[in-house]
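Data block below; observations after.
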Amino acid sequence: MAKDFDYTVNDEPQSTAAKILTPVAIMTLAHIDPAQNYVVQIEGQHQTSYKDEPNTEIHMHEHQRFITNSIGPTPVS
């Protein structure tokens, strides 16, 4: 039986049995529009941006942390 990996996207808990996910898949599973956002992986003080590599294979493991950022300009109110 496949092990589920628990991880977070924008501090929201997620889980997958997949050993490999792409940034697009991570956003899709978290109901975030990959056409408007990109993924950054947080590892301690180190951050890995996948802005220009949305289809890179990410090997999943327990307790990974991801955040998403908007691709477009930030609207000014």
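Values quoted throughout were computed directly from the atomic coordinates according to the rules given, and no laboratory measurement underlies them. Small disclaimer: the values here were computed from a predicted structure and weren't measured. We place every Cβ from the backbone using ideal geometry, glycine too, and count neighbours over all the protein chains shown.
The length gained on full extension between Ala35 and Ser15, counted as 0.36 nm times the residue separation minus their Cα-Cα distance, comes to 5.0 nm. This structure gives Cα Rg over 2.2 N^0.38 Å, computed directly, and of (1) 1.31; (2) 1.24; (3) 1.10 that value is listed as (3). Calculated FRET efficiency, Ser49 to Lys3, Cβ-Cβ distance, R0 = 30 Å: about 0.65 to the nearest 0.05. Residues considered: His61, His46, His31. Largest GNM mean-square fluctuation over the chain, using C-alpha springs under 10 Å, is found at His46.
In a reduced charge model with +1 at each Lys and Arg Cβ and -1 at each Asp and Glu Cβ, the chain shows a dipole moment near 60 debye about its Cα centre. Checking every one of the GluC sites (Glu not before Pro) in the chain against DSSP loop status and a limit of 16 other Cβ atoms within 10 Å picks out Glu57, Glu62.
Derived scalar couplings between HN and Hα for segment 58-68 equal 10, 6, 7, 8, 4, 6, 5, 10, 10, 10, 10 Hz in order, rounded to whole Hz, by the Karplus curve 6.51 cos²θ - 1.76 cosθ + 1.60 (θ = phi - 60°), x for Gly and Pro.
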